[in-house]
Amino acid sequence: MLRPHQLGFGVPHGCEAAAYSAQAYIKDLPENKALIKLDFKNAFNQVKRDVVLEAVPTNFPCLLPFVSAGYSTESTLLSGEHEVVSTEGVQQGDPLAPFLFCMAVKEVTSKLTSELNIWFLDDGTLAGTQESL
């Protein structure tokens, strides 16, 4: 479901595949093309929960009860004696968090039109002409 652009979840050796793809692309890079690296800032904490909750029934409806239990309402995080209310993002330590993040950003990453468009979770590598970048 996440391939060919997302290599950070469910793709054995996805990190290596992303690195080798970028290396191969820039080996003989023509002057009119470029490669850029992107990194979503604080990505897992800022992904919109409503986007996650919309992606789950479309792609994996069997997970909806579990994901809804964890993300349909705010949660309270503990830091020592302090409580922090969490209303956005996927939780650190949630084994589904990388998958949920990838599903949430799939629509955006799959619409990019550059010749090279590969992602490892929230880290992207795009390459092509200036117009496509």
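How big is the charge dipole of the chain about its Cα centre, in debye rounded to the nearest 20, if each Lys and Arg gets +1 on its Cβ and each Asp and Glu gets -1 on its Cβ?
Roughly 340 debye for the chain.
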From the phi of every residue in segment 42-50, what ³J(HN,Hα) in whole Hz does the Karplus formula 6.51 cos²θ - 1.76 cosθ + 1.60 yield, where θ is phi - 60° and glycine or proline is x? 6, 4, 5, 7, 10, 4, 6, 5, 5
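Suppose only helical runs count, i.e. DSSP H with n ≥ 4. What mean residue ellipticity at 222 nm does that imply for the chain under -39500 (n - 2.57) per run, divided by all residues and rounded to the nearest 500 deg cm²/dmol? Write down the numbers at each step before the final one.
Details: 5 runs with 51 residues, N = 133.
Only helices count here, giving -11500 deg cm²/dmol.
Pop out the carbon and sulfur fraction of the accessible area of segment 1-45 as a percent, whole number, probe 1.4 Å. Intermediate results must be reported in sequence, preceding the final value.
Details: 1930 of 3370 Å².
The nonpolar share, carbon plus sulfur, comes to 57 percent.
Once you keep just the Cα pairs under 8 angstrom separated by 6 or more residues, what percentage relative contact order results for segment 68-113?
Working: 22 pairs, mean separation 10.0, N = 46.
Relative contact order for segment 68-113 comes out at 22 percent.
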Semi-axes, largest first, in whole Å: what does sqrt of 5 times each Cα gyration tensor eigenvalue give for the chain? 32, 16, 13
Segment 57-75 versus segment 81-133: alpha-carbon centroid distance in Å: 18
In degrees between 0 and 90, to the nearest 10, how far off the longest principal axis of the chain does helix 14-27 point, with axes built from Cα atoms? 30
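Using a 10 Å cut-off on Cβ atoms, rank the peptides 65-78, 89-102 from the highest mean neighbour count down.
Numbers: 65-78: 12.6, 89-102: 18.0.
So the peptides 65-78, 89-102, ranked by packing, come out 89-102, 65-78.
Would you mind working out the accessible area per residue for the chain, using a 1.4 Å probe, and quoting it in Å²? Before the final figure, lay out each step's value.
Working: 8500 Å² over 133 residues.
On a per-residue basis, the chain sits at 64 Å².
The values are calculated or read from the model by the stated rules, or taken from the named source; none is laboratory data. Keep in mind that this is a model prediction, so the values were computed, not measured. As a convention, Cβ positions derive from the backbone with ideal geometry for all residues, glycine included, and neighbour counts pool all protein chains shown. To get the accessible areas, we keep the full protein, side chains included, count just its heavy atoms, and leave off ligands, DNA and RNA. Shrake-Rupley method; radii C 1.70, N 1.55, O 1.52, S 1.80 Å.
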